[in-house]
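Shown next, in structure tokens, is the structure this report addresses.
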Amino acid sequence: MTNLSERTTVLRVAGADAAALVDGVERDDVPVVAVGSTGVRALEPLVVATHEGASAFVTNADADAVVAAADALGDGALPDGADARVEHDETPDTLPVPSLDGFTDDRSVLARCGWTDPRDADDYASTVGFSDADADAVLDAAEGLCGRGWGDWCADEPYADLWAGVRERDGPTSVVVNAHGNPGDALLLESDPYAVLDGASAAVRAVDADYLYLYASEADAAALERARDAAEARDYGVPVEVVAGPDAYRAAEPTMAIEAIEGNHRLEARLRPPGPEVEGVYGNPTIVHTARTYARLAGVLRDEAPETRVVSVTGDVDATTTVELVETDTVASATAAAGVEDFTAACVGGKFGGITTDLDVGLAPDALHEADLGTEGTVEILGEDRCPVAFVGQRANVAAETNCGRCVPCREGTTQLTEKLRDVYDGTYDEGGMTELMGVMESTSICAFGRDVPRTVRTAMREFDDAFEAHAAGDCPSGTCAVGGTQ
């Protein structure tokens with residue numbers, strides 16, 4: 001493979017369709033390489049033509065644009081008609097940030113997405129270098145770091161002490177990378193898998209693990225392919241297995257991820273205590289963290305990890321955009337970076353995040369919790385023609401149909417909550433009954449799935465109380481719902 005870090009002239013094509021575009025473009029004078037997504041999928045395929053200290057960006061490129069860019073580089077020039085141009089060092093290690101929607105100056109965890117060759121371990125080794133920190137050094141580096149995302153067993157909580165405890169337990173120990181379902185986690189596996197494995201293999205040393213698992217949704221084919229390639233590309237000190245989980249939201253819950261890794265077809269949340277750190281994969285001690293958590297640890301180990309958050313803007317947008325911003329920035333900064341302007345509301349923090357119209361909320365977990373929003377690192381946009389009452393009704397119905405069925409508060413609670421939301425369309429808005437039901441679900445469900453569902457409904461009721469009252473009275477303010485009967 002071409003070592004991109006040593007070349008001053010390179011043509012990169014970023015995005016899911018990049019490989020098809022570079023096939024057949026063979027030149028002896030210019031390396032033409034398909035790389036992973038930058039995270040700004042609305043602009044991809046994205047041509048990044050680099051020549052002697054400058055890069056030109058051509059958005060939504062087709063095969064002709066790739067050939068034209070290769071011809072220009074072959075002639076010692078950048079292609080004409082580029083959408084952006086950036087001056088930089090002759091051989092930068094990270095993507096030069098263009099002045100285009102979706103790109104921010106705070107890219108640290110995402111810095112190599114769309115720049116490094118995700119199939120080439122040597123590219124990562126030569127530009128970044130795999131950490132060789134010993135167990136004690138890794139535990140010291142992890143001190144104070146918290147898990148990121150609902151698929152992380154230590155979501156928003158420190159994990160160093162848990163790791164130290166796992167290290168002292170008997171039995172074969174496992175490290176799980178949970179990249180299921182979250183666009184940011186899938187992006188990291190797709191575009192910079194060695195950064196994730198760098199952090200995960202450091203965790204292996206820290207807890208003296210015997211096995212390493214990479215787990216992602218079967219729907220994220222590119223992430224799984226890159227994970228398999230990366231797992232086979234070098235020795236990580238332990239066996240590495242890549243596991244595809246079902247394309248279901250609940251499958252990202254840490255204990256259900258373990259169920260999938262064990263090969264169980266019916267995924268159910270496990271009762272706790274004990275947690276996975278005591279009884280995880282095949283009943284042995286296990287740590288479960290997201291790809292974002294491990295990639296951040298890798299950055300900390302090389303002293304390159306400012307306090308940033310990876311946020312994916314989804315929903316009523318042209319395409320999912322994953323950005324990285326400092327924690328002092330706001331949710332509004334993320335949507336602005338993604339080019340979002342007009343909307344009815346946003347569901348912040350996962351499929352069962354909080355509904356809000358006020359995006360002037362910090363990205364740090366404390367700020368999001370205070371605003372009754374989620375910390376999954378997603379912002380789902382509801383467009384101007386969307387009805388928030390219909391949205392939460394549909395979301396509650398999804399919960400009723402896709403929960404694992406293990407615990408009564410979630411299984412029965414989601415069904416009853418869905419029925420009460422349907423009653424609104426028939427003229428009955430039982431605000432008190434729903435509030436009481438949601439309180440029971442939040443306090444007694446055994447996993448985050450059942451505990452999070454009420455947040456979506458509760459915040460929508462608070463934010464759009466008038467809309468709920470109007471629906472019960474036979475009117476949908478957005479004009480999109482059939483009221484006075486079945487929705």
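Contact map, region 383-404: first residue farther than 23 Å from ILE258 by Cα, second residue small (Gly, Ala, Ser) and part of a helix (DSSP H, G or I), Cβ cut-off under 7 Å, separation 6 or more or different chains; pairs are PRO388/ALA460; PRO388/ALA467; VAL389/ALA467; VAL392/ALA460.
In region 14-81, counting only strands (runs of 3 or more DSSP E) that sit wholly within it, the ones holding 3 or more residues that are under 22 Å from VAL109 (Cα atoms) and at pLDDT 95 or above span 32-35, 46-51.
Of all the listed residues (ASP132, ASP136), the sole one being at pLDDT 95 or above, part of a loop (DSSP other than H, G, I, E, B) and either surrounded by fewer than 24 Cβ atoms within 10 Å (Cβ to Cβ) or touching a Ser or Thr at 6+ places or on another chain (Cβ under 6 Å) (or both) is ASP132. Identification of strands (runs of 3 or more DSSP E) wholly contained in region 246-340 with 1 or more residues that are of a type in the set (Gly, Ala, Ser) and modelled with pLDDT of 95 or more yields 308-315. Is it the case, given these coordinates, that ASP161 is in contact with a Ser or Thr (Cβ under 6 Å, 6 or more places away or on another chain), without any contact (Cβ under 8 Å) to a residue 40 or more places away in the chain and not aromatic (Phe, Trp, Tyr)? Here the answer is no, as ASP161 does not meet what is asked. Only a single item in (1) touching a residue at least 40 places away in the same chain (Cβ under 8 Å); (2) surrounded by 20 or more Cβ atoms within 10 Å (Cβ to Cβ) is not met by THR414, and it is number (1). Mind listing whichever residues of region 371-403 are assigned to a helix (DSSP H, G or I) and either touching an Asp or Glu at 6+ places or on another chain (Cβ under 6 Å) or basic (Lys, Arg) (or both)? If the condition is that a residue be assigned to a helix (DSSP H, G or I) and either touching an Asp or Glu at 6+ places or on another chain (Cβ under 6 Å) or basic (Lys, Arg) (or both), then ARG395 is the only one that fits.
The values are calculated or read from the model by the stated rules, or taken from the named source; none is laboratory data. Source: prediction; values computed, not measured. Reconstructed Cβ throughout: ideal geometry from the backbone, glycine too, with neighbour counts over all protein chains shown.
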